[in-house]
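The values are calculated or read from the model by the stated rules, or taken from the named source; none is laboratory data. Quantities reported herein were computed from a predicted structural model and do not represent experimental measurements. Neighbour counts run over all protein chains shown; Cβ positions are idealised from the backbone, glycine included. Please note that ligands, DNA and RNA were not included when accessible areas were found on the heavy atoms of the full protein model with its side chains. Shrake-Rupley method; radii C 1.70, N 1.55, O 1.52, S 1.80 Å.
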Amino acid sequence: MKGCFIVFEGLDGSGKTTQAQRLFRYFEKRGREVIAVEEPGGTPFGERIRAILLDERSSLEPLTELLLYQASRHELTRRVIRPALERGAMVICQRYGYSSLAYQGYGRGLPLEWVAALTERATEGLTPSVAFFLDVPVEEGLKRVKRERQPDRMESQGLEFLRRVEQGYQELAAHHPEMVRLDGTKGPEHLFEDILRALEQTKGGQSGGVYLH
Ligand code: TYD
């Protein structure tokens, strides 16, 4: 595949949206075809699933929740991400399979093998060139979210749940070579510099395909 697939991961309030937007503008200014998407959502069906998943009134079994995230992911991957990558575009995605491992696996306690197997099917084995894990302490992320809006269903799961998710991300970052852990408590400017530096380093490396200039 010709394009380049960049994912942002981390707790809510870790700064994914700000950094994804910056990176989008960075590539756009340089004349690259770039699209920005986020999970869950990004397709008409995915947006409907997103509404169910984030609605405080939804009471879902953990496996139902996992299947819904995977359904949204499959639609987004087949209909948006793969076609864009095949055209040679850059794709910047907020959250991908790592979120299901962190939230439904480590957070909800579903067996990690199930989560991984379903992600493998939903993505048809597509792995990002780079996945940035923006690491912020649980309390800091929650504080940032609450400053901006009312927390949604997933954000209201309590500190213990979020701590398991955070621990999960640490373990994922240690075991996935394409994951780059960055300090999300740095200011947005410094964090963006770290992102560009990390992308420079992957250039021509094993993940390849991230050409900044
Ligand atoms: P997100 O879009 O990051 O929230 P917002 O736009 O409100 O900042 O993600 C919505 C929530 O869904 C978030 O709390 C994490 C959760 N989530 C999972 O639990 N599993 C998944 O596979 C994904 C993609 C998200």
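On a C-alpha basis, how far is the centre of segment 1-45 from the centre of segment 117-172 in Å? Whole number, if you could?
16
So what is Rg over Rh here for segment 1-99, counting just Cα atoms and using Kirkwood for Rh? List each step's numbers first, then the result.
Working: Rg = 14.2 Å, Rh = 14.2 Å.
Rg/Rh for segment 1-99 comes to 1.00.
Work out Dmax and Rg for the chain from the C-alpha atoms and quote the Rg first, both in angstrom.
Taking only Cα atoms of the chain, I get Rg and Dmax of 16.3, 47 Å.
Highest mean first, what order results for 29-39, 121-131 on Cβ atoms within 10 Å?
Details: 29-39: 16.0, 121-131: 17.9.
Answer by packing, highest mean first, reads 121-131, 29-39.
Explain nothing, just the number: dipole magnitude of the chain about its Cα centre with +1 on each Lys and Arg Cβ and -1 on each Asp and Glu Cβ, in debye rounded to the nearest 20. Walk me through the intermediate numbers first.
On the way: 30 positive and 31 negative charges, 129 e Å.
My answer is approximately 620 debye.
Please list, in chain and number order, the residues 5+ apart from A131 or on another chain whose amide H is under 5 Å from its amide H, with Hs placed from the backbone.
It is V7, M179, V180, by chain and number.
Local charge sum around A122 (other residues, Cβ-Cβ under 11 Å, Lys/Arg +1, Asp/Glu -1)? List each step's numbers first, then the result.
Numbers: positive: R73, R78, R121; negative: E39, E75, E120, E124.
Around A122, the surrounding residues sum to -1.
By a straight-distance test (C-alpha under 25 Å), which lysines pair with K29 as possible cross-link partners, with residues fewer than eight away in the same chain excluded?
Excluding near neighbours in sequence, the set is K2, K16, K186, K203.
Using just the helices of the chain, give the 222 nm mean residue ellipticity in deg cm²/dmol: DSSP H runs with n ≥ 4 each add -39,500 (n - 2.57), and the total is spread over all residues, rounded to 500. Don't jump to the answer; show the numbers that get you there.
Working: 8 runs with 101 residues, N = 213.
Taking each H run of at least 4 residues, the total per residue is -15000 deg cm²/dmol.
Could you tell me what percent of the accessible area of the chain is made up of carbon and sulfur, with a 1.4 Å probe and every protein chain present? Show your work: numbers first, answer last.
Values: 5230 of 10290 Å².
That share works out to 51 percent.
With springs only between Cα atoms under 10 Å, which of R79, R108, R57 fluctuates most in a Gaussian network model of the chain?
Residue with maximal mean-square fluctuation among R79, R108, R57: R57.
Which ³J(HN,Hα) values in Hz, rounded to whole numbers, follow from the phi angles of segment 181-192 under the Karplus curve 6.51 cos²θ - 1.76 cosθ + 1.60, where θ = phi - 60° and Gly and Pro get x?
Residue by residue, segment 181-192 yields 8, 10, 6, x, 8, 5, x, x, 5, 5, 5, 5 Hz.
Mind checking the per residue accessible area of the chain for me, 1.4 Å probe, whole number of Å²? Numbers along the way, then the final one.
Numbers: 10290 Å² over 213 residues.
Per-residue accessible area for the chain comes out at 48 Å².
Considering every pair of different Cα atoms, what Kirkwood radius, in Å, is found for segment 101-162?
Working: mean 1/r = 0.0729 Å⁻¹.
Taking every pair of different Cα atoms in segment 101-162, averaging 1/r and inverting gives 13.7 Å.
Can you work out the FRET efficiency for the pair I52 and T18, with r the C-beta to C-beta distance and R0 = 35 Å, to the nearest 0.05? Before the final figure, lay out each step's value.
On the way: r = 27 Å, r/R0 = 0.76.
Taking R0 as 35 Å, the efficiency between I52 and T18 is 0.85.
Report the residue, chosen from M154, M179, M90, that carries the largest GNM mean-square fluctuation when the chain is represented by alpha-carbon nodes joined by springs under 10 Å.
Checking each option, the largest mean-square fluctuation is seen for M154.
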